[in-house]
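Below is one structure, written out as C-alpha cells; comments come after it.
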Amino acid sequence: MVRNKRYKCIVCGRMFPEGQGIVLQRGGVTLTFHSKACAVKFFRLMVETIDEGEFKKVARSLVKEFEEALKRREKRKQI
Ligand SMILES: [Zn+2]
C-alpha cells in the first residue's frame, strides 16, 4: 500500500496529495491538476489544439448528453 501518494500539477508544478486536486487517467496517460483553474487552462488549450473533426464529434455528443440530463431534471421538478 502506498501511503501519502503525491502528485505534481502538470500545469503549474505544485505538489498535492492523493484525494485532492484532479487526477485523470486514460490510455496510459495520467493528467494531474492541483486545482480546477489549472485543469481549465489545460483543457482550453486541448480544445484549441485537438483535431477539429474529432472535437466536433465529441463536443456535440457531450452537449447533447448534458442537454438531455437537464431536460430529465426539469421534468422531475414538475412532478
Ligand atoms: Zn496547478
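Tell me which residues, restricted to region 3-33, are of a type in the set (Gly, Ala, Ser) and more than 11 Å from the ligand (Cβ to nearest atom).
Gly19, Gly27, Gly28
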Output the residues belonging to region 1-45 that are in contact (Cβ under 8 Å) with a residue 12 or more places away in the chain and of a type in the set (Ser, Thr, Tyr). Tyr7, Thr32, Ser35
Among the numbered conditions (1) touching a His at 6+ places or on another chain (Cβ under 8 Å); (2) away from the ligand (no atom under 16 Å from the Cβ), tell me where Glu52 comes up short. (1)
Before we move on, is Lys41 surrounded by 11 or more Cβ atoms within 10 Å (Cβ to Cβ) and either modelled with pLDDT under 95 or not hydroxyl-bearing (Ser, Thr, Tyr) (or both)? yes
Please go through region 18-37 and pick out each residue that is surrounded by 14 or more Cβ atoms within 10 Å (Cβ to Cβ) and either more than 20 Å from Lys5 (Cα to Cα) or touching an Asp or Glu at 6+ places or on another chain (Cβ under 9 Å) (or both). none
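The values are calculated or read from the model by the stated rules, or taken from the named source; none is laboratory data. This one's a predicted model, so the numbers in the text were calculated from it and none came from an experiment. Cβ: placed from backbone, ideal geometry, glycine included. Neighbour counts: every protein chain shown.
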